[in-house]
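**Q** Provided herewith is a single structure, encoded as structure tokens, for subsequent inquiry.
The values are calculated or read from the model by the stated rules, or taken from the named source; none is laboratory data. A quick note: this is a predicted structure, and the numbers were derived from the prediction, not measured. Ideal geometry is used to build each Cβ from the backbone, glycine not excepted, and the neighbour counts take in all protein chains shown.
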């Protein structure tokens, strides 16, 4: 009797294995569906807030404090996302320019040196000219870090010895 029950259970399991996910009824995202009037993709209801939108908006508004860690993160992210076009020093002579892409504006031009930080954040977020938006690739915190690093690049190009703290100035002016 138990052998018959085991055989029936095994037979049912084998029959159940024949159902593939590919043959189950499903709807294409952009196709018509009898269940919905306009298709499968639906407009969200008015007033709906996507997950993490409020936190992301707060992160975009609240600029992080300028620290060595933020500058290091900005340098790393700049090297990944910005230097292929803008070059390592921000002059606008990255590797893609050598391959025929239009040369981006140098960060060291007066127009960009006097621009506010929000301008750089908005360009990274929304794109500008032939530069596309990096909003989906770079988090708001990393965008602020990149802005801080751009400012450090600009400062390093136009700094004088008087801008160096006195305790470190002696090390720079000492003979090698």
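**Q** Note down all Cβ pairs under 8 Å where the first residue falls in the stretch 56-70 and is at positive phi and part of a loop (DSSP other than H, G, I, E, B), the second is surrounded by fewer than 14 Cβ atoms within 10 Å (Cβ to Cβ) and modelled with pLDDT under 85, and they're at least six residues apart or on different chains.
**A** Close Cβ pairs (under 8 Å, with a partner that is surrounded by fewer than 14 Cβ atoms within 10 Å (Cβ to Cβ) and modelled with pLDDT under 85) do not exist here.
**Q** Oh, and also: Give the residues of the stretch 62-111 that are surrounded by 14 or more Cβ atoms within 10 Å (Cβ to Cβ), within 17 Å of the chain's Cα centre (by Cα) and within 15 Å of residue 153 (Cα to Cα), sorted by residue number.
**A** 70, 71, 73, 74, 75, 76, 77, 78, 82, 83, 86
**Q** So, one more: Among the residues of the stretch 130-176, how many are assigned to a loop (DSSP other than H, G, I, E, B), within 21 Å of residue 112 (Cα to Cα) and modelled with pLDDT under 90?
**A** 4
**Q** Take residue 103 and tell me if it is outside any loop (DSSP other than H, G, I, E, B), free of Cβ contacts under 8 Å to residues at least 24 places away in the same chain and more than 19 Å from residue 138 (Cβ to Cβ).
**A** Values: outside any loop (DSSP other than H, G, I, E, B): no; free of Cβ contacts under 8 Å to residues at least 24 places away in the same chain: yes; more than 19 Å from residue 138 (Cβ to Cβ): yes.
Answer is no for this residue.
**Q** Identify, please: which residue in the stretch 153-171 is farther than 17 Å from residue 71 by Cα and surrounded by 12 or more Cβ atoms within 10 Å (Cβ to Cβ) and is, among those, farthest from the chain's Cα centre (by Cα)?
**A** Restricting to residues being farther than 17 Å from residue 71 by Cα and surrounded by 12 or more Cβ atoms within 10 Å (Cβ to Cβ), the top hit is 169.
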